[in-house]
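The values are calculated or read from the model by the stated rules, or taken from the named source; none is laboratory data. Here the structure is a predicted model, which means the values were calculated and not measured. Because the Cβ atoms are built from the backbone with ideal geometry, glycine has one as well, and the counts that use them run over all protein chains shown. These area figures cover heavy atoms from the full protein model, side chains too; ligands, DNA and RNA do not enter into them. Shrake-Rupley method; radii C 1.70, N 1.55, O 1.52, S 1.80 Å.
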Amino acid sequence: MTREFKVSKSRCSEIIRIMLPCVLCSGILTIHYADKDPLRTAFLAVILLYSLYLCIKYIQIRNCNKPLLSITPQGIIDNLCKYGFIHYSEIINIELITYKNNKMIEINVYDLSNILQRLSKFQQFYKKIDKPLFGNHIRIPTFIFQDDPKEIVNILRNALNEYQHQTK
């Protein structure tokens, strides 16, 4: 059983349409305050860079032809958050949670440090900052998928249960 979940291009376009005015406004304000207030300029520059980063990220996601999440008989392949292959033997359970009004797939793993070693140094640093807050959980946002989050989680749980019954 292999199942792939792809990106909703319209949702990516919506996010890009929201972020572009942020990029333009923060860019204009950064230039306007460049000589007047260095602290405000630095703050606006951070907003500009982060907004630009998000725009580029969602453009890349929208134009990506490979699935964001794949379910295989051996594990889960995550291309959205860049965790890569997560074997079912590393997973404790899978849940759908609501975090700050966003539905997310939460994958509880035995040892997150093994999975973090597969990430780039920047991603490792970012995830290590989150570890005290989230523990050994991997969180994957669901607003970007074409499919219903409940359906995705049910399919993930069924695949995990099937793997666990085969290995007993």
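Here's the yes/no breakdown for (1) at pLDDT 80 or above; (2) basic (K, R); (3) surrounded by 15 or more Cβ atoms within 10 Å (Cβ to Cβ):
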site	(1), (2), (3)
L69	yes, no, yes
N93	yes, no, no
E106	yes, no, yes
I129	no, no, no
L133	no, no, no
Q166	yes, no, no
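Among the residues of region 112-134, some residue qualifies, meaning at least one is over 13 Å from the mean Cα position of the chain (by Cα), hydroxyl-bearing (S, T, Y) and more than 24 Å from C55 (Cα to Cα).
Of all the residues in region 2-43, those that are of a type in the set (S, T, N, Q) and free of Cβ contacts under 8 Å to residues at least 40 places away in the same chain number 4.
If the condition is being in a helix (DSSP H, G or I) and either open to solvent by less than 70 Å² (accessible area, probe 1.4 Å) or in contact with a helix residue (DSSP H, G or I) (Cβ under 7 Å, 6 or more places away or on another chain) (or both), then region 37-56 contributes T41, A42, L44, A45, I47, L48, S51, L52, L54, C55. Within region 97-115, is even one residue more than 30 Å from C22 (Cβ to Cβ), polar (S, T, N, Q), out of contact with any Phe, Trp or Tyr (no Cβ under 7 Å at 6 or more places or on another chain) and in contact (Cβ under 8 Å) with a residue 60 or more places away in the chain? Within region 97-115 (the criterion being more than 30 Å from C22 (Cβ to Cβ), polar (S, T, N, Q), out of contact with any Phe, Trp or Tyr (no Cβ under 7 Å at 6 or more places or on another chain) and in contact (Cβ under 8 Å) with a residue 60 or more places away in the chain), the answer is no, since none of the residues qualifies.
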